[in-house]
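Participant: First the structure, which I've put down as structure tokens, then a few questions once you've had a look.
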Amino acid sequence: MRPLIVTVLALALVIPVLLAGGLIVRGYVRTSFHQEEEARAARALAFTSLRLQLDEETSVRGFAATGDRLYLEPYPNAHAIVPGTLARLSSALGTLGLPGAQAAARDALGTNALWERTVARPLMTGRARDPDALQRRGKRLVDHYRDDVRAIQDAIGVVEGRIDADAQTAIERIQLLGLAAVVALVALALGFWIQQTRAARRLAMREREAAEFRSAFEAEKRVADTLQEAFVLRSLPALAGMSFSATYLPATDEANVGGDWYDCLRLPRDRVLFVIGDVAGHGLDAAVAMNNARQELMSAAVFDAEPGELLVRVNAELLRQRARMVTAACGYADARSFEFSYATAGHPPPLLVEPGRAPRMLQHGGLPLGVLEGATYRTLRIQSVPGAVLVLYTDGVVEHSRDVLAGEAALLDAVGRAVASGMRDIAGSVANEIFKDRRVADDVAIMTVAFSCVDVRDGRSTASRAAGTPNVSGRTIA
């Protein structure tokens, strides 16, 4: 009886310590991801401020060259937004603890004001004595503005690197906590086995091991669930001309975090960047690789407007880091032109549904990321119509059995039903339809991007547009 009491007391001391350690690591992870969201917001503001300055410069330059005031139409909107955008950027940089980048943001604001006063206004009012000289001065000022934004992006990149290091530290602490739990439980089980008789040892050993491993499993799963929520469950943007839905289903027989993710970022001019991907493997290492690949894709989008070039940049970076293999699909959706542009890297083909047409698979191709140096990726474009829905997914959606063709057929049928029902949560409806009678053998991520049935350019419905314009949906442009 005494060995049993000693073992129970030891467990009563060890388990609270492990649980407390798990809560501390959980808070550490949440703080790290909060900082990541702040860095991401600052990077988006820097990107927007540069685009606005370029809109102003292009408008004034076009007017100065032609005298046509139509070129000045984008100018008032950009002129009104630049100061506020830079002010929010400065505040975000202060939150990140980047005083040098804040100074660059203030300098960019002053440069913009100087350009407005000494270049834009004289050119727009026709008071410039030497327009060519004035435009050269304007170019120097805009180049200086670009340098400020580049310095800000570099500073944000340093912060993101630190956040990555913090995330890696958190993962290492989780692994140490798990190792400590295993060591403690094994030591307790061994001590109990030594103190018992052979018959009693075997029976008590089995019961104790079952309880101990259940406790270890639950503690690890709580940490894994926290990481899973932080990595995968992203909030989707709100946009008048588009709607979004997404869902994530972990594998039913996996205790660890999977490598599937999705993300969506709102851009100027009623555009969004969408990304979905899958890292090879499962577990905490796969979660770190997933977060790294996602950050590389979102960061590369600041420099490359073409999805294919974006994947080329990320492939080179993942090879440099010797990261795990990643499949991904990324692209842009334009609510004004109803165009999808995308590229894939070893990922299942996107699926498109248009009013009056059956769902269909789109072109795809390209090697997975992190496999071959110098790999190229093709940008594809789809000119679609109001009401169109693009569906992106990971391979767990169609590989729930050995027959992939049957899986794709089930997906097409589920998407057609979900869109026809008019449900807002298309992704959730598709997942429920496919897996209502099936096991989730692999992690599953689904994201949809849908154009509104109202043209944001003139406010007319799809039906009124169709009355005077032939349907040209589904045209693929290489």
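The values are calculated or read from the model by the stated rules, or taken from the named source; none is laboratory data. A quick note: this is a predicted structure, and the numbers were derived from the prediction, not measured. A quick note on method: Cβ atoms are made from the backbone with ideal geometry, for glycine too, and the neighbour counts reach across all protein chains shown.
Participant: Could you check Ile171 against (1) over 34 Å from the mean Cα position of the chain (by Cα); (2) in a helix (DSSP H, G or I); (3) surrounded by 14 or more Cβ atoms within 10 Å (Cβ to Cβ) and say which number it fails?
Facilitator: Unmet condition: (1).
Participant: To continue, here is another question. Let me confirm something: among Ala120, Ala64, which residue is of a type in the set (A, V, I, L, M, F, W, C), more than 18 Å from Arg150 (Cβ to Cβ), crowded, with 20+ Cβ neighbours inside 10 Å and modelled with pLDDT under 85?
Facilitator: Ala64
Participant: So, one more: When residues of the stretch 242-258 are filtered for being modelled with pLDDT of 90 or more and either buried (at least 20 other Cβ atoms within 10 Å of the Cβ) or over 22 Å from Asn432 (Cα atoms) (or both), how many remain?
Facilitator: Residues in the stretch 242-258 being modelled with pLDDT of 90 or more and either buried (at least 20 other Cβ atoms within 10 Å of the Cβ) or over 22 Å from Asn432 (Cα atoms) (or both): 6 in total.
Participant: Then there is this: Step by step: first the residues of the stretch 342-401, then only those that are under 27 Å from Asn432 (Cβ atoms) and of a type in the set (D, E, K, R), then the one that is surrounded by the most Cβ atoms within 10 Å (Cβ to Cβ). Which residue is that?
Facilitator: Top of the filtered list is Glu354.
Participant: On to the next question. Taking the condition of being assigned to a helix (DSSP H, G or I) and either more than 19 Å from Ala388 (Cα to Cα) or touching a Cys at 6+ places or on another chain (Cβ under 7 Å) (or both), how many residues in the stretch 425-439 meet it?
Facilitator: Total satisfying the criteria: 5.
Participant: Taking the stretch 388-424, which residues are in a loop (DSSP other than H, G, I, E, B), within 23 Å of Arg336 (Cα to Cα) and touching a strand residue (DSSP E or B) at 6+ places or on another chain (Cβ under 6 Å)?
Facilitator: Across the stretch 388-424, the qualifying residue is only Ala388.
Participant: Given the structure, is Asn291 surrounded by 20 or more Cβ atoms within 10 Å (Cβ to Cβ), modelled with pLDDT under 90 and either part of a helix (DSSP H, G or I) or more than 19 Å from the chain's Cα centre (by Cα) (or both)?
Facilitator: Numbers: surrounded by 20 or more Cβ atoms within 10 Å (Cβ to Cβ): yes; modelled with pLDDT under 90: yes; either part of a helix (DSSP H, G or I) or more than 19 Å from the chain's Cα centre (by Cα) (or both): yes.
Yes; evaluated as a whole, the condition is true for this residue.
Participant: Let me ask something else about it. Look through Arg106, Arg146 and report the one residue that is under 29 Å from Gly62 (Cα atoms), touching a residue at least 60 places away in the same chain (Cβ under 8 Å) and among the basic types (Lys, Arg).
Facilitator: Among Arg106, Arg146, only Arg146 is under 29 Å from Gly62 (Cα atoms), touching a residue at least 60 places away in the same chain (Cβ under 8 Å) and among the basic types (Lys, Arg).
Participant: Another one. Would you be able to say whether some residue in the stretch 206-213 is buried (at least 17 other Cβ atoms within 10 Å of the Cβ) and at pLDDT 70 or above?
Facilitator: Start the filter on the stretch 206-213 by keeping residues that are buried (at least 17 other Cβ atoms within 10 Å of the Cβ), which leaves 208, 212.
Cutting the leftovers down to at pLDDT 70 or above gives us 208.
Yes; the residues of the stretch 206-213 include at least one that is buried (at least 17 other Cβ atoms within 10 Å of the Cβ) and at pLDDT 70 or above.
Participant: Looking only at the stretch 377-387, how many residues end up being in a loop (DSSP other than H, G, I, E, B) and either out of contact with any Gly (no Cβ under 7 Å at 6 or more places or on another chain) or not charged (D, E, K, R) (or both)?
Facilitator: 6
Participant: Here's something else I'd like to know. For Gly374, are the conditions met, namely being farther than 24 Å from Ala450 by Cα, without any contact (Cβ under 8 Å) to a residue 40 or more places away in the chain and among the small types (Gly, Ala, Ser)?
Facilitator: yes
Participant: Could you please find all residues in the stretch 55-92 being touching a residue at least 12 places away in the same chain (Cβ under 8 Å) and more than 32 Å from the chain's Cα centre (by Cα)?
Facilitator: Ser59, Val60, Arg61, Phe63, Ala64, Tyr71, Leu72, Glu73, listed by residue number.
Participant: Taking the options Leu89, Leu54, name whichever one is of a type outside the set (Lys, Arg), part of a helix (DSSP H, G or I) and surrounded by fewer than 18 Cβ atoms within 10 Å (Cβ to Cβ). Working first, answer last.
Facilitator: Working: Leu89 fails: surrounded by fewer than 18 Cβ atoms within 10 Å (Cβ to Cβ).
Matching residue, one of Leu89, Leu54: Leu54.
Participant: Somewhere in the stretch 449-462, is a residue surrounded by 14 or more Cβ atoms within 10 Å (Cβ to Cβ), at pLDDT 90 or above and basic (Lys, Arg)?
Facilitator: Within the stretch 449-462, none of the residues are surrounded by 14 or more Cβ atoms within 10 Å (Cβ to Cβ), at pLDDT 90 or above and basic (Lys, Arg).
Participant: Still on this structure, I have one more. Looking at Val314, Val288 in this structure, which one is more than 18 Å from Tyr377 (Cα to Cα), in contact (Cβ under 8 Å) with a residue 24 or more places away in the chain and in contact with a helix residue (DSSP H, G or I) (Cβ under 8 Å, 6 or more places away or on another chain)?
Facilitator: The conditions single out Val288.
Participant: Okay, next question. Please indicate, with yes or no, whether at least one residue in the stretch 93-114 is over 35 Å from the mean Cα position of the chain (by Cα) and either in a helix (DSSP H, G or I) or surrounded by 14 or more Cβ atoms within 10 Å (Cβ to Cβ) (or both).
Facilitator: Yes, because at least one residue in the stretch 93-114 is over 35 Å from the mean Cα position of the chain (by Cα) and either in a helix (DSSP H, G or I) or surrounded by 14 or more Cβ atoms within 10 Å (Cβ to Cβ) (or both).
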